[in-house]
């Protein structure tokens with residue numbers, strides 16, 4: 001298994017509530033775009049569903065399509081992300097969706113973590129295999 005590390009930046013974020021459950025508790029959906037640098041170079045688009053709790057923390061889940069180069073190979077793949085936000089840090093656990101790899105990334109499998117600890121982004125680790 002190989003490991004990719006690097007950074008990401010938030011390029012776009014649009015978030016809308018779809019259920020207000022008593023301020024500040026709510027459900028939202030976000031459309032997000034990221035840029036990646038390091039061992040994974042590229043960009044992505046994501047759709048994320050979030051639940052904001054009364055204590056100001058949140059839990060979320062979503063799908064992200066990443067397009068670019070990983071280990072010198074071009075293509076795209078989808079990760080399912082689940083995580084939480086609290087204390088100005090969002091931590092997401094990634095799982096590559098089986099069968100989602102395209103181009104030279106066909107057969108990609110793996111998992112990782114993305115940590116948004118800066119206002120505009122953070123860092124990631126992806127442990128992966130190319131089949």
The chain, relative contact order [Cα under 8 Å, separation at least 6], %: 22 percent
Residue order, fewest to most beta carbons within 10 Å, for 94, 13: 13, 94
Max mean-square fluctuation residue, GNM over the chain, Cα-Cα springs under 10 Å, options 45, 74, 23: 23
Exposure proxy order (Cβ contacts within 10 Å, fewest to most) of 78, 96, 115: 115, 78, 96
For q = 0.12, 0.13, 0.14, 0.18 Å⁻¹, Debye-computed log10 I/I(0) when each Cα of the chain counts as one equal scatterer: -0.45, -0.52, -0.60, -0.94
For 27, 40, order by how many other beta-carbon atoms lie within 10 Å, fewest first: 27, 40
The range 1-60: relative contact order in percent, alpha carbon pairs under 8 Å with at least 6 residues between: 31 percent
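Bear in mind that the values in this text are calculations on the coordinates, not laboratory data. No experiment lies behind these values; they were computed from the predicted model shown. A quick note on method: Cβ atoms are made from the backbone with ideal geometry, for glycine too, and the neighbour counts reach across all protein chains shown.
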